[in-house]
Each structure stands twice: as structure tokens, then as C-alpha cells.
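Okay, structure first, notes after.
The values are calculated or read from the model by the stated rules, or taken from the named source; none is laboratory data. Bear in mind that the values here come from a model prediction, so they are computed numbers and not experimental data. Here the Cβ is made from the backbone with ideal geometry for all residues, glycine too, and neighbour counts use every protein chain on show.
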Amino acid sequence: MYLYYSFIRVFKYLCRERERRGQTMYLRSAARGFLAFLLLVSALHGYHDWTVTYTSSTVCALRGSTVEVSCSYEYPDKLQNRSTPVETLWFTKEDHSQPGGLVSDTDYAGRVERSCEEHSCSLSSCSGNCTLRIRDLRQSDSAEYKVRFITNQPGGEYTGDPGVKLTVTDLKVKVPHWIRLWKYLECQSMCVLSDHPNYVWYKNGQHAEREITKMFYIKEGDSVSCAVEGSERFHSPLVCAKGIKNLCNKVTYSTRTMCVLQGTSVDISCTYSTYRGLKLKEKYWYAWSNNNEPTDLQKDSEYKGRVQYPVKERGGSTLKITDLRDTDSAEYRFKYKSKSHEWKSALHGTTLTVTGLRVEGAAVAPVTEGQRVTLSCSTRCLLPGQTSYIWYHNKGPVAEPESTMNKLVLDPVGLQHAGSYSCSVRGYPHQSPEETLTVSCIMCILCRD
């Protein structure tokens with residue numbers, strides 16, 4: 001804008017001078033130059049009208065954790081005083097020119113949320129912010145994430161390219177060298193974690209020093225692990241100090257998190273070892289609590305008759321809980337004792353979430369026939385594998401009784417769709433509580449009005 005007004009002032013000055021001198025040829029050249037200048041400014045301005053700005057170009061996050069990718073966008077408002085809806089689409093894969101949205105991608109089912117603020121317009125442009133949240137990160141989530149926003153403006157849509165490169169990493173303890181009985185340890189990851197975090201160290205399952213890198217006094221039989229402060233649940237695998245057959249005192253769980261339906265059963269497993277093969281006098285599972293001493297679940301009245309330890313082989317243990325209840329949602333850890341050693345793990349075990357089913361999307365107020373209604377069979381956590389859902393309408397299965405997605409779309413909804421809805425998961429007997437969908441007759445409304 002400054003250049004524009006500067007050019008105008010110069011042009012007017014030249015006009016006055018050339019009119020005084022009668023040199024019109026120079027004015028024609030100046031006019032042509034001025035027109036070229038305006039076209040250049042217009043082209044540059046149009047190029048920058050549509051923008052997407054990401055808060056970061058690269059993100060490094062721990063496997064199993066949650067990550068957020070955010071952006072702001074801006075576009076020209078060429079339809080002033082008219083509604084300008086905005087649809088945002090996050091994607092990693094492209095099918096020719098039409099990218100597939102993550103919300104409908106089965107690889108991300110139940111793990112993706114998209115939240116966008118209401119966009120605002122001022123003068124001749126509109127802008128907004130949008131965030132993508134991915135839970136329970138997997139190695140396969142490492143990719144470049146982009147956002148496309150679609151409007152009713154001329155030109156319509158724009159993709160922020162390049163996007164945000166996400167790298168999902170695990171932690172590991174590296175042992176570069178020995179210094180007598182001391183070991184110099186490093187907590188490493190595949191990429192540089194954001195915000196330069198502090199690290200928490202564990203020796204023999206108990207809290208140790210807290211540094212980015214640290215010297216440890218380690219003897220045969222010790223085990224070491226590290227974690228990012230604030231994300232201790234995603235600690236590194238235990239590393240043994242060199243000893244006989246490389247065995248040490250440690251407990252390793254087969255999985256960190258589990259999601260299971262109410263009324264069913266679950267098996268939680270671990271492997272363990274002791275230095276020099278110490279004979280154990282006691283071993284059991286317990287539900288971890290900050291305030292209470294560990295209690296053997298087989299002696300806990302809350303689990304009476306529902307807990308077994310079926311695996312008897314050396315070096316492994318399984319906790320089996322039947323008839324699961326909502327109150328069974330907890331973190332479960334394994335404990336063992338010998339004459340000379342007791343495993344008092346401060347490391348996280350397996351976190352179990354017990355969930356029921358519920359139908360969401362049935363409106364409290366009546367919906368009008370002809371609208372689009374989406375019902376969801378929701379759970380507190382993400383069920384494992386490709387879960388198949390069955391829908392029931394007025395206690396009978398719907399026309400399409402099974403789906404790998406947890407959605408039932410009624411589009412358009414009609415009077416025949418009114419009634420009660422429930423859902424279940426194939427292979428499990430329990431159904432969700434029923435929810436009622438009320439549909440109003442559009443002709444009745446028109447006649448009444």
C-alpha cells in the first residue's frame with residue numbers, strides 16, 4: 001500500500017511537469033508503467049490471499065501418547081454479507097486430487113478428533129483456527145499431515161502444503177560405555193522430542209536420578225529404564241546390567257493399555273526374571289493405588305470369585321478377571337518376593353478400561369423428516385481390532401445389521417425411523433441401553449402453520 005501511494009504521488013508530479021512542458025509521449029510511457037505496476041501488485045496480492053500456517057513443521061511424539069497438530073487459515077471474502085461456511089479436512093493420503101479425511105479412515109477409527117473455532121471475517125478476508133488430535137499413537141501414524149479447507153468462495157478450496165511431519169517414537173536406554181562400576185546412560189528417541197523435556201530414571205523399578213543424561217552405579221542384577229517427565233506411562237523397555245545369562249530383576253508387561261467390554265473377561269500377562277534365578281516365596285497381582293499398600297487381588301473382596309492366576313510356567317504370569325465391572329477400571333501391576341529381593345515397581349503396569357455401550361445422537365428435541373441423523377455406538381475407550389457393530393431398531397436388527405464403523409446414518413430420516421435404538425458388538429451378548437428418536441411430520445408442521 002505504501003508503494004502504491006508513493007507511485008501515485010510520483011505519477012501526479014510527472015503529469016504536472018510534462019503538461020507544463022507539453023511532452024505527452026512520456027506520459028503514455030509512464031501510464032503503461034503504472035498499469036504494469038498495478039497488475040504486478042494485484043497478482044502478488046491474489047497469490048497470498050489463501051494461506052495455511054501450521055504452528056510447527058515437525059512434531060516428535062511418544063508411541064501411545066496423544067498429539068495435537070494445529071493451524072490457522074485465511075482466505076479472501078469475495079461474497080460479503082453472505083454466509084461463508086468452511087469445511088476442514090485433515091489427511092495424509094491422496095487419491096488423485098481428492099484426499100481422504102482422517103475422520104473416516106479406518107486406520108484412525110476412534111482415535112481422531114477435529115476441533116475448529118468459528119471462523120470470522122473482517123474487511124475483505126476471513127480467518128480461523130483448526131486442531132487435529134490423535135490419541136493412542138502408533139508407529140504407522142508417522143506421516144505428513146495436511147489440512148484442506150473448502151468454502152463457497154470463488155476458487156473454493158485450498159490445501160496447506162507442505163504440511164506437518166509427525167514422527168512417532170519409542171524410548172530406549174543406550175549404554176555407551178563402562179567406567180569401572182559406573183555406567184554412563186542415555187535416554188534416546190528416534191527424533192527430538194518437543195519442549196526439551198526432563199527425563200525420569202528407574203533402577204530396579206524404583207525412581208532414581210532425574211536428568212537428561214546420567215551416571216549410574218550399577219551392579220550385576222540391576223535393571224534400568226527411562227521415561228519423559230509427565231509421560232511416565234510410556235517408559236522405555238528395561239535394560240539389564242551384564243550378568244549371568246544377562247538376567248536381572250525385572251517385570252515386563254505384554255501390553256500397556258487394554259479396553260474391554262463390561263460383563264466379559266480379560267487376561268493381563270507379564271514376564272519376569274530374577275538375578276541368579278532366586279527362588280520366589282510370593283508373587284501376585286494387585287490394583288495399583290497411590291494411597292494403599294498392594295493387596296493380592298485373590299484376597300480382595302471386590303474381586304472375590306472373579307480372579308485367577310492360570311499361568312503357572314516359570315518366568316510368566318497371567319491375571320484373569322471375569323464378569324468385568326466398571327469399577328474394575330484400574331492399573332494392574334505384578335509383584336514378587338524372594339528372601340533377598342522384593343520387586344516394588346514404580347514403573348507403570350497395564351491400564352485396563354472397562355466400558356459399556358451407549359447410543360449417542362438421538363436428539364432430545366424431535367427431528368423433522370428429511371433431515372440427516374447420525375447415531376453413534378460409543379465407548380469410553382477404543383476397542384481392539386476391527387470391531388463389528390450391530391444396530392437394533394425397536395428391538396429388532398436394522399436393515400443393515402452389521403458394520404465395522406460405529407455409526408448409523410439415517411439420510412433422509414423418515415417417520416418410519418422413529419422409535420428406540422440400541423447397539424451391540426458382534427460376539428458379545430450385552431446391548432446398550434435404548435435411546436428414543438422422535439421424528440416430526442413435515443406436512444403436519446406446514447399444515448399447523
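The C-beta contact set for the range 307-321 (first residue not assigned by TED's automatic domain parsing to the domain that holds Ser269, second residue at pLDDT 95 or above, distance under 9 angstrom, 6+ apart or interchain) is empty.
Taking strands (runs of 3 or more DSSP E) as the structural unit, those lying wholly within the range 248-320 and holding at least 3 residues that are within 22 Å of Tyr202 (Cα to Cα) and of a type outside the set (Phe, Trp, Tyr) correspond to 250-253, 266-273.
For Val398, the criteria (1) more than 30 Å from Arg325 (Cα to Cα); (2) surrounded by 14 or more Cβ atoms within 10 Å (Cβ to Cβ); (3) modelled with pLDDT under 90 hold in every case but one, which is (1).
Beta carbons closer than 8 Å, at least 6 apart along the sequence or on distinct chains, never pair a first residue in the range 265-283 that is without any contact (Cβ under 8 Å) to a residue 12 or more places away in the chain with a second that is small (Gly, Ala, Ser) and in a helix (DSSP H, G or I). Residues of the range 43-99 that are aliphatic (A, V, I, L, M) and modelled with pLDDT of 90 or more: Val52, Val59, Ala61, Leu62, Val67, Val69.
Cβ separations smaller than 7 Å between residues 6+ apart or across chains give the following pairs from the range 214-241 residues that are on the phi > 0 side of the Ramachandran plot and touching a residue at least 24 places away in the same chain (Cβ under 8 Å) to residues that are outside any loop (DSSP other than H, G, I, E, B) and surrounded by 20 or more Cβ atoms within 10 Å (Cβ to Cβ): Gly221/Tyr275.
Scan the range 366-388 for residues that are without any contact (Cβ under 8 Å) to a residue 40 or more places away in the chain and surrounded by fewer than 13 Cβ atoms within 10 Å (Cβ to Cβ) and jot them down. Residues satisfying the conditions are Thr374, Gly385.
From Leu123, Leu132, grab the single residue that is surrounded by 15 or more Cβ atoms within 10 Å (Cβ to Cβ) and not hydroxyl-bearing (Ser, Thr, Tyr). Let's see the steps before the verdict.
Details: Leu123 fails: surrounded by 15 or more Cβ atoms within 10 Å (Cβ to Cβ).
Only one candidate qualifies: Leu132.
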